[in-house]
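Encoded as structure tokens, the structure appears first; notes follow it.
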Amino acid sequence: MAEPIDLEALFRPRSVAIVGASPRPSVGRYIFNTLSEFGFAGDVYPVNPRYEVIDETQCFPSLDDLPSPPDVVAFCVSPERTLDGFRQLPGAGARAAVIFGGGYGEAGDWGRAAQAEIIDIAQGSGIALCGPNCMGVISPHARSSTYLQVGSKREALAGNVGLISQSGSICISMLSDVSRFGFSLVASTGNEAVV
């Protein structure tokens, strides 16, 4: 049986690396913007070898080039590039990760083998993984988000309701109306490969 995994870095990160960050409209751009709009107080490390800077923030060629270990790494790239990046997490000192994309345990031989390798790496290194094939995590009180669709009422999100759902659609529906209550945590778990 695997050792329990600490969820603090996933739910209340002090630093976030975004693999696939970009100045163009993309998942990586959305995560980058959301952290800024939330007023995230920690370090944000865009990772993309194509750029040196994104919005005056230094961009790093790879996870191996980060100045300090990231608490959580958000993977906003293809499954093949995600697997390559995930292999770097133990060496980079990452404590948590979010994989948004599909194409893993729910899809074909390659996907099942890739998810099995990701599970082995995460469990062997104590990495809390949300996903693959998920929407991510929002922690409004920590002003942290590695989530794909926060909604337009970000200032009203914080509250005392925790929402954890395998279904991203349930999370999207619940986040669309924050007039009655807000959230302490929202996590869309997807394939639930590790967490």
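Listed here are the strands (runs of 3 or more DSSP E) enclosed by the range 106-195 that have at least 3 residues being touching a Cys at 6+ places or on another chain (Cβ under 7 Å) and open to solvent by less than 20 Å² (accessible area, probe 1.4 Å): 183-188. Scan the range 93-105 for residues that are within 19 Å of Phe11 (Cα to Cα) and surrounded by 16 or more Cβ atoms within 10 Å (Cβ to Cβ) and the total you get is 7. Could you tell me whether Gly20 is buried (at least 16 other Cβ atoms within 10 Å of the Cβ), within 18 Å of Val137 (Cα to Cα) and touching a Cys at 6+ places or on another chain (Cβ under 8 Å)? Here the answer is yes, as Gly20 does meet what is asked. Take the conditions (1) part of a strand (DSSP E or B); (2) at pLDDT below 95; (3) β-branched (Val, Ile, Thr); Ile5 misses just one of them, which is (1). Take the conditions (1) within 26 Å of Glu8 (Cα to Cα); (2) touching a residue at least 24 places away in the same chain (Cβ under 8 Å); (3) surrounded by fewer than 20 Cβ atoms within 10 Å (Cβ to Cβ); Val77 misses just one of them, which is (3). Tallying residues that are touching a Pro at 6+ places or on another chain (Cβ under 9 Å) and more than 16 Å from Pro79 (Cα to Cα) within the range 103-125 yields 2. Residues in the range 62-98 that are within 15 Å of Ala122 (Cβ to Cβ), basic (Lys, Arg) and over 14 Å from the mean Cα position of the chain (by Cα): Arg87 alone. Every residue in the range 51-64 that is in contact (Cβ under 8 Å) with a residue 12 or more places away in the chain and farther than 14 Å from Phe32 by Cβ, please. Result: Pro61, Ser62, Leu63, Asp64.
Residues that are β-branched (Val, Ile, Thr) and either part of a helix (DSSP H, G or I) or under 17 Å from Ala96 (Cα atoms) (or both) within the range 8-55 comprise Val16, Ile18, Val19, Val27, Ile31, Thr34, Val44, Val47, listed in sequence order. Condition check: part of a helix (DSSP H, G or I), open to solvent by 40 Å² or more (accessible area, probe 1.4 Å) and either at pLDDT 90 or above or farther than 20 Å from Leu63 by Cα (or both). Does Gly85 satisfy that? So Gly85 does not fit the description; no.
The values are calculated or read from the model by the stated rules, or taken from the named source; none is laboratory data. Owing to the predicted nature of the structure, the values given are computational and were not obtained by experimental measurement. Heads up, the Cβs are rebuilt from the backbone with ideal geometry, glycines too, and the neighbour counts pull from every protein chain shown. Surface areas here come from the heavy atoms of the whole protein model, side chains and all, with no ligands, DNA or RNA. Shrake-Rupley method; radii C 1.70, N 1.55, O 1.52, S 1.80 Å.
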